[in-house]
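Structure first, commentary second.
The values are calculated or read from the model by the stated rules, or taken from the named source; none is laboratory data. All of these numbers come straight from a predicted model, not from anything done at the bench. Positions of Cβ are generated from backbone atoms using ideal geometry, with glycine treated the same way; all protein chains shown enter the neighbour counts. The accessibility values were calculated without ligands, DNA or RNA, using every heavy atom of the protein model including side chains. Shrake-Rupley method; radii C 1.70, N 1.55, O 1.52, S 1.80 Å.
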Amino acid sequence: MTPRTFKIKSFGCQMNVYDGERMAELLSAEGMMPAAETDDADLVVLNTCHIREKAAEKAYSDVGRMMREDGTRPLVALAGCVAQAEAAEAKRRSPMIDIVVGPQAYHRLPGMVARAARGARPVDTDMPAISKFDAFPQRRRANPSSFLTVQEGCDKFCTYCVVPYTRGAEISRPWADIVTEAHALVDAGAREIVLLGQNVNAWADGNRGLADLIRTLATIDGLERIRYTTSHPVNMSDELIAAHGEVAKLMPYLHLPVQSGSNRILKAMNRSHTVETYLATIEKMRDARSDIALSGDFIVGFPGETDEDFEATLKIVDTVRYASAYSFKYSARPGTPAATMEEQIPREIMDERLQRLQERINDHRLAFNRSTVGVDTQVLIEREGRHEGQMIGRSPWLQSVHVDTNARAGDIVDVTLVAAGPNSMTGTVRRAVAA
Ligand code: SAH
Ligand code: SF4
Ligand code: F3S
């Protein structure tokens, strides 16, 4: 039976969220309707993540839960990075998977759905040179803060990471396509655009880089805020840093993963930056934009990590004073060089290090939040809060801010930050929004 309704469940990074939105638009253009719940959908797309073992396992446990009480089940499409990594193997692991579609083949999903409805079990994990983006319909829906993928893939080959294998080589979307999509998003109601890429600051079209793109997007009327993520330290150009000091719409926030504070470990990770070059970049950024909120990613328990290496990681956290940061236990991924390195670190040590690192990160996050109490700023309202009349939005520094206001999602309100918590701020409105 041809499915009439669909549900897309996205896991992993923001690029998967973006891909999920594009797949939804594509299926809608084919006449299918989004279902509110997984249980009501004729087709379920599991848009999966392969970055750590737990994320990959989740994909299969979710597939296992597709059988309904009445013995029926929807068509199941395995999409995303697990699909890319496992390809046809996924069909052998679970008979419930009808479609396997990799991240570069989404534009062919409707045809695959039609074939699956006739009983086939198509697999498409090609990484074609032609861009899937060309096949997507024009954007007609947008969130107040909308994602826009500008770059995909990775050539860096950090020794722990699957992304170069699941997303392929670094490619940049053409300048004109991005500008067109940005205009469409703003016309559909976006006030903020978050430019996405696995190495977003490696984006280039001819001799134009991300800073040029940001400066051009900043001229779009109605677009008030620009962000980008995730950046690699070696691609942090002087032009991009300078843009932070000059482009008012470019928000004072930078996610710049460092992974470890030990040069020995950074080398084993093949990160191609050192602690010193990383800190020099941070310093330049603070010179360009003194209030920049810094964020990062950390891995604890990389093979061979000693207590001393770990102490160096705590030290870089103290040096940078991150406003927020993500930290993970090292997860050995099949096919990556680090998976077969000697001196894999026992789980108990990883647990202990992760806990200590997270405590340190939390201390700095709270300190950052407290340092912004009393500041007059603007909040982009994104959604309703838990209480009547309460709305939740983001400060320029990406803090989640709770405000009592009659403003609606998409409004930008003048707010004074009045209280700080570890995970959010409270703000009061300085000037009410005209009803
Ligand atoms: N391209 C980005 C994001 C990569 S994935 C970057 O280079 O920063 C997001 C984060 O997941 C990484 O920054 C890293 O901290 C973490 N990560 C990647 N592979 C991992 C692994 N095998 N085990 C644990 N964490 C991992
Ligand atoms: Fe993975 Fe490293 Fe590429 Fe980031 S830069 S996606 S961590 S290989
Ligand atoms: Fe996960 Fe793939 Fe993103 S592995 S983090 S969904 S690029």
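Remarks
- Hydrodynamic radius (Kirkwood) for the chain, which is based on Cα pairs only, to one decimal in Å: 23.1
- Ordering 61, 36, 415 by Cα displacement along the dipole of the chain toward the positive end leaves 36 in first place; charges were set at the Cβ atoms of Lys, Arg (+1) and Asp, Glu (-1).
- 3J(HN,Hα) from dihedral phi, segment 273-287, Karplus parametrisation 6.51/-1.76/1.60, rounded to Hz, x for glycine, proline: 9, 10, 4, 5, 5, 5, 5, 5, 5, 4, 5, 4, 5, 5, 5
- Residue 115 paired with residue 318, simple spin-label distance in nm, labels 7 Å along Cα-to-beta-carbon: 5.8
- Probe 1.4 Å, all protein chains present, accessible-area order of 237, 146, largest first: 237, 146
- Between residue 291 and residue 355, the contour length at 0.36 nm per residue exceeds the alpha carbon distance by 20.2 nm.
- Accessible-area order (highest first, 1.4 angstrom probe) of the listed residues 402, 232: 402, 232
- For the chain, the dipole from Cβ point charges (+1 on Lys and Arg, -1 on Asp and Glu) about the Cα centre works out to 580 debye, to the nearest 20.
- Heavy-atom accessible area for residue 341, with the other protein chains in place and a 1.4 Å probe, reaches approximately 60 Å².
- List 315, 58, 132, 91, ordered by accessible area with a 1.4 Å probe, largest first: 315, 58, 91, 132
- Per-residue SASA entry for residue 276, accessible area with 1.4 Å probe, Å² rounded to 10: 110
- Two-site label geometry, residue 276 and residue 347: point separation in nm, points 7 Å out along Cα→Cβ: 4.0
- Here is the short version for the chain: 13, 49, 81, 154 have no other Cys C-beta closer than 4.7 Å.
- Options 338, 325, 290, ranked by Cα towards positive dipole end of segment 279-375, top entry (Cβ charges): 290
- With the charge dipole of the chain set up from +1 on Lys and Arg Cβ and -1 on Asp and Glu Cβ about the Cα centre, the Cα lying farthest toward the positive end among the listed residues 349, 27, 304 is that of 27.
- In nm, spacing of pseudo-spin labels at residue 61 and residue 386 (7 Å Cα→C-beta vector): 2.5
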